[in-house]
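> Supplied in structure tokens, the structure appears directly below.
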Ligand code: SF4
């Protein structure tokens with residue numbers, strides 16, 4: 001392991017992408033980038049990062065913002081709990097820490113939406129604290145470099161990889177070491193068909209020597225996907241439509257949507273029409289093509305049913321709101337519906 005650090009640093013100096021959050025030690029900006037980049041590709045996350053930094057250049061401005069504005073700025077990125085945590089955490093930093101981002105690993109880790117990976121990233125990038133990051137890229141690099149057969153999604157595996165990442169970091173400068181190993185995983189030791197022929201670690205890489213690169217890292221389980229069937233109702237009359245705020249602890253919490261009926265299983269069209277009529281006492285005039293939307297553990301199968309009238313007021317649900325269709329743009333809505341309205 002002795003020259004692992006020197007080899008990846010050298011590689012990093014020659015290959016690193018110039019990303020805006022790498023040119024700062026401002027913990028607020030680094031935290032923003034890390035939350036945005038959870039479950040988001042760098043290219044897509046970049047625009048959102050720039051939007052947030054421009055609109056909210058300091059944490060107190062984000063803390064004081066209206067939640068609806070934060071969600072609207074986040075629109076399209078998905079996993080909206082991240083945006084809500086972002087906003088809630090900004091408020092905590094503003095109140096409890098007097099707008100000064102906490103600088104100890106323990107306090108950073110205590111922030112909402114911040115797990116051990118994100119806390120290590122902020123602690124090392126912003127405060128030069130010696131905490132090794134372990135994200136998906138790091139798991140892959142270490143599991144191949146040392147040819148580890150222990151599954152990464154078990155608690156024993158997690159502990160083992162954290163210990164190995166810390167050992168590889170050693171007394172080296174943590175910020176650049178962590179950046180380098182993550183970037184190395186993202187660009188060089190990629191999940192499928194890495195180009196081992198040009199890899200600076202090739203001589204020492206145990207998985208390459210043992211021909212196990214494609215089998216590393218090992219996972220013990222595949223998470224089951226839940227299918228959900230959404231039937232949205234687009235009631236439209238004289239330029240007015242009905243929207244509904246999602247208040248349940250579920251996906252898209254606090255976003256707005258068209259009134260929704262959900263079924264556990266796929267149903268025939270006439271069966272759905274019957275259920276819609278039972279609930280709204282009016283018949284739909286048309287239905288959209290099926291819209292599929294994949295989330296990390298859920299597959300949403302949606303259709304939008306059009307009605308030429310609004311249901312009787314007494315059938316309205318508590319969280320329904322009548323708005324002008326042209327005002328819909330002011331409401332944060334799930335990407336799935338955005339796609340539907342964009343045609
Ligand atoms: S030799 Fe191949 S598998 Fe090993 S670290 Fe390099 S790119 Fe990854």
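> Treating the angle as unsigned and between 0 and 90°, give the value, to the nearest 10°, between the Cα long axis of helix 155-169 and the longest Cα principal axis of the chain.
Between helix and principal axis, roughly 50 degrees.
> Taking the Cα atoms of the chain, what is the range of coordinates along each of the three principal axes, in descending order and whole Å?
Largest first, the chain extends 74, 49, 33 Å along its Cα principal axes.
> Express as a percent, rounded to the nearest 5, the fraction of DSSP beta bridges in the stretch 226-342 (both residues included) that run antiparallel.
In the stretch 226-342, DSSP labels about 65 percent of beta bridges as antiparallel.
> Hey, with R₀ at 22 Å, roughly what FRET efficiency would residue 55 and residue 107 work out to, going by the Cβ-Cβ distance, to 0.05?
After rounding to 0.05, the efficiency reads 0.25.
> Further question: Per DSSP helix of 4 or more residues, -39500 (n - 2.57); summed, then divided by the residues of the chain. What does that give at 222 nm, rounded to the nearest 500?
When only DSSP H runs of four or more count, the value is -13000 deg cm²/dmol.
> Provide the FRET efficiency to the nearest 0.05 for the residue 6-residue 210 pair, computing r from the beta carbons and using R0 = 25 Å.
0.55
> Let me ask another. Treating the angle as unsigned and between 0 and 90°, give the value, to the nearest 10°, between the Cα long axis of helix 269-280 and the longest Cα principal axis of the chain.
70 degrees
> Would you mind checking the tilt of helix 116-127 against the longest principal axis of the Cα atoms of the chain, expressed as 0 to 90 degrees and rounded to 10?
60 degrees
> Here's something else I'd like to know. Full extension from residue 100 to residue 316: what is 0.36 nm times the residue separation minus their Cα-Cα distance, to one decimal in nm?
Gain in length upon complete extension: 73.2 nm.
> Another question about this same structure. Going by how many other Cβ atoms sit within 10 Å of their own, how do 91, 159 line up, fewest first?
Listing 91, 159 from fewest to most nearby Cβ atoms yields 159, 91.
> Once the piece of chain linking residue 158 and residue 281 is laid out straight, how much longer is it, given 0.36 nm per residue of separation minus the C-alpha distance between them?
Full-extension gain reported as 38.9 nm.
> Then there is this: Roughly what % antiparallel, to the nearest 5, for the DSSP beta bridges in the chain?
65 percent
> Report the calculated FRET efficiency for residue 16 and residue 92 (r = Cβ-Cβ distance, R0 = 30 Å), to the nearest 0.05.
In this case the efficiency is close to 0.40.
> Taking the Cα-to-Cβ direction at residue 65 and at residue 339 and moving 7 Å from each Cα, how far apart do the two end points lie in nm?
Rounded to a tenth, the inter-label distance reads 2.5 nm.
> Another question, then. Test of understanding: ordering 283, 224 by Cβ neighbours within 10 Å, fewest first, what list do you get?
224, 283
> Rg (Å, one decimal) plus Dmax (Å, integer) for the alpha carbons of the stretch 212-343?
Radius of gyration, then largest Cα-Cα span, for the stretch 212-343: 17.4, 64 Å.
> Quick check: pseudo-label points 7 Å beyond the Cα along Cα→Cβ at residue 240 and residue 296, how many nm apart are they?
According to this spin-label approximation, the distance is 4.1 nm.
> Sticking with this structure for a sec: Hey, rough spin-label estimate for residue 226 and residue 171, points 7 angstrom out along Cα→Cβ, what's it come to in nanometres?
Those two pseudo-labels are separated by 5.1 nm.
No lab work stands behind these numbers, since they all come straight from the coordinates. As the structure is a computational prediction, the values presented were derived from the model and not from experiment. Here the Cβ is made from the backbone with ideal geometry for all residues, glycine too, and neighbour counts use every protein chain on show.
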